[in-house]
Every structure is written in C-alpha cells, then in structure tokens.
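Undergrad: Have a look at this one before I ask anything.
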Amino acid sequence: MTPEPEPDTVKRVMEAVPRREFLPEDVKDLAAVDSALPIGFGQTNSQPRTVARMLRLLEAQPGDTVLDLGAGSGWTTALLGHLVGPAGRVIGIELVPELAQRASAALGRFQLPQAEVHEAGQDSLGAPERAPFNRILVSAEAEDLPRELIAQLADGGVMVIPVRGEMLRVQKQHHDVSITHHGPYSFVPLR
C-alpha cells in the first residue's frame, strides 16, 4: 500500500489552486466558506473539507493516471494535476457540457498540461477507452458500486466514491476488491 499523502501536501496543493478561480462570479466571494457551493445546472463545487478528505483517501502519487469523474468546476481536476505532477495525467469527465467547457477554461489559467476536462460520453460511465487508471475520484453519489468503474482501475488502483450516502475507498488487487467505509457524505447523483 502506498503511503497516504501527508496532510500538508494536500493543504499545500489546495493553497496552490485557489477554489475561487473555479467558481461562477456570483459565488466567488464565498470561496473560503467550508460548504458546497452552486456552480449551475443543479451541480455544486464540493465542500473544501470533503475534497481534502477525498484526496487523502485517494492517495494520488506523482506519475499516476487519474480519472476525475464528475469534474464539475474543474477544481478537483486541477488539484489532482498538482498531486500527480508533470509525469502524471488527469482526465476530468463532466456530464454537463457547459460545465465541462467552463472547467477547461479555468484549467487553462494554470500551468497544468497534465490535466484536462472533457464532456462525458453518453454510452459509457467513466473513460474506458483511456483505462486503466491508478486512481479514480468520483464526485457524485452512486446507488450501487459501479462495476464498470472498478473495471477501469489498474491492478493496485484505488477509487474513492460516495455510494448511498457513504464514502467508500475501493482498492483493486488482481481480481480482488477491498472496500473500506469512511462516513456519511452527501453528493449530487451520479447519472
């Protein structure tokens, strides 16, 4: 098991990528508030404390290939881009076309060529054509643990996903999957 990033690493990354830069104008002044904020189309930018917790559970390492599913504003995609560094790759996927475009524009203001956001395909969940991923971060709540996302994990890969109101950390080892539970959380539904 790879070591969890030091809390200071996640904190430094969150300071290096200001949440404010990824929010709509009408809520930019609330960027420092530790709560989910609306970004339009019934979607939210997650609470910073929740994002930090998810990043620590995910344990993204330099050089990892990461899927950021439910990229929303693009903030988590940028944070992950910093964590994986120039040798890594982050693919953000967003269902709402307008949000995907806004997220791409926001990412463009940072020097993160390793991070990108795309509109979600209609025929599949995630990005199976880009798999396998070392890490998958899901920022939308699933009804059940999606097998098609587990299939996109590399051997030794980790996925952090809210399922039926509970945050799960899923690790894939060969054909075995281990799941740990990390408390109640509320997210918008996964399509």
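Undergrad: Show the residue pairs meeting these rules: Cβ distance below 9 Å; 6+ apart or different chains; first residue within the stretch 147-159 and at positive phi; second residue of a type outside the set (Val, Ile, Thr) and buried (at least 22 other Cβ atoms within 10 Å of the Cβ).
TA: Gly156/Asn134
Undergrad: In the stretch 1-10, what residues are within 16 Å of the chain's Cα centre (by Cα) and either in a helix (DSSP H, G or I) or modelled with pLDDT of 95 or more (or both)?
TA: Matches in the stretch 1-10: Val10 only.
Undergrad: Right, next: Being in contact with a Gly (Cβ under 6 Å, 6 or more places away or on another chain) and among the hydroxyl-bearing types (Ser, Thr, Tyr) is the filter here; which residues of the stretch 50-86 pass it?
TA: Result: Thr77, single match.
Undergrad: Six or more apart or on different chains, Cβ under 6 Å: which pairs go from a residue in the stretch 164-191 that's under 17 Å from Leu137 (Cβ atoms) to one that's in a loop (DSSP other than H, G, I, E, B) and not acidic (Asp, Glu)? Could you list them?
TA: Met167/Tyr185; Phe187/Ala140; Val188/Ala140; Leu190/Ala140; Arg191/Leu95
Undergrad: Which ones in the stretch 33-73 are part of a helix (DSSP H, G or I), charged (D, E, K, R) and farther than 24 Å from Gly156 by Cβ? It would help to see each step written out before you state the result.
TA: Pass one, the stretch 33-73, residues part of a helix (DSSP H, G or I): 48-58.
With charged (D, E, K, R) added as a condition, the list becomes 49, 53, 56.
Answer for the stretch 33-73, where residues must be part of a helix (DSSP H, G or I), charged (D, E, K, R) and farther than 24 Å from Gly156 by Cβ: just Arg49.
Undergrad: Scan Phe133, Phe41 and give me the residue that is touching a Leu at 6+ places or on another chain (Cβ under 7 Å), farther than 14 Å from Leu23 by Cα and among the aromatic types (Phe, Trp, Tyr). It would help to see each step written out before you state the result.
TA: Values: Phe41 fails: farther than 14 Å from Leu23 by Cα.
That would be Phe133, the only listed residue that is touching a Leu at 6+ places or on another chain (Cβ under 7 Å), farther than 14 Å from Leu23 by Cα and among the aromatic types (Phe, Trp, Tyr).
Undergrad: Another question, if that's okay. Could you say which residue among Arg135, Arg164, Arg169, Arg147 is among the charged types (D, E, K, R) and surrounded by 20 or more Cβ atoms within 10 Å (Cβ to Cβ)?
TA: On the way: Arg164 fails: surrounded by 20 or more Cβ atoms within 10 Å (Cβ to Cβ); Arg169 fails: surrounded by 20 or more Cβ atoms within 10 Å (Cβ to Cβ); Arg147 fails: surrounded by 20 or more Cβ atoms within 10 Å (Cβ to Cβ).
Every option except Arg135 fails the conditions.
Undergrad: Quick one: which of Asp64, Asp34, Asp68 is touching a helix residue (DSSP H, G or I) at 6+ places or on another chain (Cβ under 6 Å), under 22 Å from Gly183 (Cβ atoms) and surrounded by 23 or more Cβ atoms within 10 Å (Cβ to Cβ)? Break it down stepwise before answering.
TA: Details: Asp64 fails: under 22 Å from Gly183 (Cβ atoms); Asp34 fails: surrounded by 23 or more Cβ atoms within 10 Å (Cβ to Cβ).
Asp68 is the lone residue from the list that is touching a helix residue (DSSP H, G or I) at 6+ places or on another chain (Cβ under 6 Å), under 22 Å from Gly183 (Cβ atoms) and surrounded by 23 or more Cβ atoms within 10 Å (Cβ to Cβ).
Undergrad: Can you tell me which residue within the stretch 172-191, out of those that are surrounded by fewer than 16 Cβ atoms within 10 Å (Cβ to Cβ) and hydroxyl-bearing (Ser, Thr, Tyr), is nearest to Asp68 (Cα to Cα)?
TA: Quick first cut of the stretch 172-191, residues surrounded by fewer than 16 Cβ atoms within 10 Å (Cβ to Cβ) only: 173-184, 186, 189, 191.
Imposing the further condition that a residue be hydroxyl-bearing (Ser, Thr, Tyr) reduces the set to 178, 180, 186.
Working: Ser178: 20, Thr180: 20, Ser186: 18 Å.
Ranking the candidates gives Ser186 first.
Undergrad: Looking only at residues in the stretch 156-170 that are more than 16 Å from the chain's Cα centre (by Cα) and not charged (D, E, K, R), which one is modelled with the lowest pLDDT?
TA: This residue is Gly165.
Undergrad: Taking the stretch 40-51 as the search range and keeping residues that are without any contact (Cβ under 8 Å) to a residue 60 or more places away in the chain and crowded, with 18+ Cβ neighbours inside 10 Å, which one is nearest to Val84 (Cα to Cα)? It would help to see each step written out before you state the result.
TA: Residues of the stretch 40-51 that are without any contact (Cβ under 8 Å) to a residue 60 or more places away in the chain, as a first pass: 40-41, 45, 47-49, 51.
Next cut, crowded, with 18+ Cβ neighbours inside 10 Å only: 45, 48, 51.
Values: Asn45: 21, Pro48: 19, Val51: 16 Å.
Checked the stretch 40-51; the qualifying residue nearest to Val84 (Cα to Cα) is Val51.
The values are calculated or read from the model by the stated rules, or taken from the named source; none is laboratory data. Keep in mind that this is a model prediction, so the values were computed, not measured. Reconstructed Cβ throughout: ideal geometry from the backbone, glycine too, with neighbour counts over all protein chains shown.
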